[in-house]
Amino acid sequence: MTADPRRGGLRLLGDVALALAVVVVLWLPALASADGARRWVGVGLAVVVVAGTAARWRLPLAGAPVVAVATLLAAVLGVTGDPFVAAAWALYPAAVRWGSRSPWFPVALFVAVVAGTTMVGAPATAAALETVRYVTVSVALLAGSWIVGSMVGRQARAAAETARARAERRAAEHRLRVAREMHDVVAHTLGTIGIEAGVARHVTATSPEEMRRTLTSIESSARHALEQVQGLLRTLRDEEDADRTPAPGLADLPGLAERATRAGSPTTVTVTGTPALGAAGELTVYRIVQEAVTNGVRHAPGAACRVEVRGGPTATVVTVRDTGPGRPAGSAEGNGLAGIRERASLAGGGVEFGNHPDGGFQVRVTIPTAGRDD
């Protein structure tokens, strides 16, 4: 991920401004009262503090120590009253990145201040009291910066891990959806082409027109499948033109019926009411009808098939029924029916299938209206 240069520039300006404010408020009074040599050394150290603070994000391991050492030298020389405010500010980026790996840092500072205070003993003079106050405030600022930075760093890493897991889950779901779409497209097309090729094999040389119609149908089916597969592959690669091939929907059902009819299974489509499904719902209905019709073409070749889509205020009901011999008693549920059940479940709907009392096999799917919560 590329950092925003404007944000980085504003952050740099903010760091320089804070460092200059620390120098003006906490350094200038002491510098003004210092003699010539100490004053110029103090000015140099102040410049180092500003430069180290400005580099705190780019060089976190160098910025904080440089600022801390410069502040300490200035305090020893008596040219600053800064209780490590700039050093605590420069320490924060290092705490964000490595604070959780070194939780002992605040403890070490606490031990240091306790030891230093013990060595000084009970403050009997104003100077000793001022020294203890200065050390205590400095340790509190440095430890507080480290603790806050560590917490922010842990939260940022946790958020990044959550975002990464969410992205991986979305990618897996996307690949699964594309794989399901690919299976439906390829299975339907190969099933249709297989039936048509079988018909073409039995067409004799005395029926050139029938042979031509069959080969034209095979070519049309293959071309249609190729377009859908190319669209799915573009989606899988996340190309910019991935959506140039729109997902099939209710408007594409007549074309599906026409291809099934050319394969030898006369198929009709009837859409009544106003199905409110949305693009995803229409794709689900199309794939369910495609799978059901393909099953009919494969298992009941030559049988007529009727597709009915009835839109209602709460749900859309899809019924696919063929006039074949029906499903043998006790036969196991195949991949096609399992795929229909899975798609209906993902859409929040239900499915019923079985032999119809009047003959043939029927699949009935109910898909809730788009936008309903119940």
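By how many nm would the segment from ARG38 to ARG177 lengthen if fully extended, with 0.36 nm per residue of separation less the alpha-carbon distance?
Roughly 42.8 nm would be gained on extension.
Counting only protein heavy atoms and using a 1.4 Å probe, what share of the accessible area of region 1-103 belongs to carbon plus sulfur, as a whole percent?
73
Which of the trypsin sites (Lys or Arg not before Pro) found in region 1-102 are in a DSSP loop and have at most 14 neighbouring Cβ atoms, other than their own, within 10 Å?
Here the sparse-neighbourhood loop sites are ARG58.
What accessible area per residue, rounded to a whole number of Å², is obtained for region 23-62 using a probe radius of 1.4 Å?
56
Indicate the gyration tensor shape class of region 9-84 (rounded, prolate or oblate), computed on the Cα atoms with a ≥ b ≥ c the square roots of the eigenvalues: a/c under 1.5 is rounded; otherwise a/b larger than b/c is prolate and the rest oblate.
prolate
Once amide H atoms are built 1.01 Å from N in the peptide plane, which residues 5 or more positions from GLY350, or in another chain, come under 5 Å H to H?
Result for GLY350 returns THR366.
If you roll a 1.4 angstrom probe over the protein chains with everything in place, what fraction of the accessible area of region 290-374 belongs to carbon and sulfur, to the nearest %?
49
Hey, could you get me the Stokes-Einstein D for region 255-374, Kirkwood radius over alpha-carbon pairs, 20 °C and 1.002 mPa s, rounded to whole µm² s⁻¹?
After rounding, the answer is 149 µm²/s.
The values are calculated or read from the model by the stated rules, or taken from the named source; none is laboratory data. Note that this is a predicted model, so its numbers are computed, not measured. No Cβ is skipped: glycine too gets one built from the backbone with ideal geometry, and neighbour counts run over all protein chains shown. Quick note on the areas: whole protein, heavy atoms, side chains included, nothing else; ligands and nucleic acids left out. Shrake-Rupley method; radii C 1.70, N 1.55, O 1.52, S 1.80 Å.
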